[in-house]
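The values are calculated or read from the model by the stated rules, or taken from the named source; none is laboratory data. Just so it is clear, the model here is predicted, and its values are computed rather than measured. A quick note on method: Cβ atoms are made from the backbone with ideal geometry, for glycine too, and the neighbour counts reach across all protein chains shown.
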Amino acid sequence: MMITDSRRPKWFFYPGWVVLSVISFLAAWAICWALISQVEKVVGDTMLVRGQTHITEDFLLTYMYFPVLGLLTGFLQYLLLRRYLPRGGWWIAATALGWSLVSIGDRLLYLTLYTTLGADSIWFAALMVVLVSGSVGLAQWLVLRQSVHHAAWWILANVLGWGIAALVAGTTYLLALSIIPAIATSVVLWLLLDRLPHQDDGRNAPLNPV
């Protein structure tokens, strides 16, 4: 793949990336709550699973949110990336896979780490952030590395973005988690698609994988 001046992303690509990422984060939340409210009309506020009673909304949200977020985020980001990445449709699959792994691994490791380290441990928080950001970043990196140099920066951007978001979340939890990682990845995307390739291979060189 070659990205010439006419095909390099314009300035509005990057704020667009942030906006669409935030929209997908919030929209996935709204979609899940809408679906859960319909389920609650059938099964009630609590549900019995393997002999244990769970609050319906909490139980379903754990397993629904991340897959829905992955599909929605992957699709909206693909709308921006499709002009710049060959076989960009794989971005949707990779993003959905990454968030689905979070849904499964988060539940399993949460129980293990919570028991071992305790919820107040800084190591517990750090490992959970790495789990979430690393799963998504790694899956997307497999697609990105086929088209751009230094794609490994993408994984670091996800980890740092989510790490900063976790630190400053506070009362603006949902807003911080939706905006800060999106900003971090947009900066790295600007470097990967517009800046770093030129440093190694000249202005119109192919974007080879790392």
Apart from one, (1) within 23 Å of Tyr84 (Cα to Cα); (2) at pLDDT 75 or above all hold for Pro206; the odd one out is (2)
With the structure loaded, tell me whether Leu85 is buried (at least 18 other Cβ atoms within 10 Å of the Cβ), outside any helix (DSSP H, G or I) and of a type in the set (A, V, I, L, M) or whether it fails that test. yes
What pairs can you find where one residue is in the range 38-50 and farther than 16 Å from Met64 by Cβ, the other is aliphatic (A, V, I, L, M) and surrounded by 10 or more Cβ atoms within 10 Å (Cβ to Cβ), and their Cβ atoms are less than 9 Å apart, with a gap of 6+ or different chains? Asp45/Ile55; Thr46/Ile55
I'd like to know if the range 55-72 contains one or more residues that are at pLDDT 90 or above, among the small types (Gly, Ala, Ser), under 12 Å from the mean Cα position of the chain (by Cα) and buried (at least 16 other Cβ atoms within 10 Å of the Cβ). yes
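Residue by residue, here is whether (1) under 20 Å from Val188 (Cβ atoms); (2) modelled with pLDDT under 85 holds:
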residue	(1), (2)
Trp11	yes, yes
Pro15	yes, no
Val19	yes, no
Gln38	no, no
Leu76	yes, no
Ala96	no, no
Scanning for something crowded, with 16+ Cβ neighbours inside 10 Å, over 20 Å from Leu131 (Cα atoms) and touching a residue at least 60 places away in the same chain (Cβ under 8 Å), does the range 21-35 turn up at least one residue? yes
Please go through the range 129-168 and give me each residue that is farther than 13 Å from Ala184 by Cβ, assigned to a helix (DSSP H, G or I), β-branched (Val, Ile, Thr) and modelled with pLDDT under 90, ordered by number. Val130, Val132
Limited to the range 31-78, what total is found for residues that are assigned to a helix (DSSP H, G or I), touching an Asp or Glu at 6+ places or on another chain (Cβ under 9 Å) and of a type in the set (D, E, K, R)? 2
Number of positions in the range 78-89 that are modelled with pLDDT under 90 and under 15 Å from Val22 (Cβ atoms): 0
Any idea which of Leu69, Leu26, Leu81 is in contact with a Gly (Cβ under 9 Å, 6 or more places away or on another chain) and not hydroxyl-bearing (Ser, Thr, Tyr)? Leu81
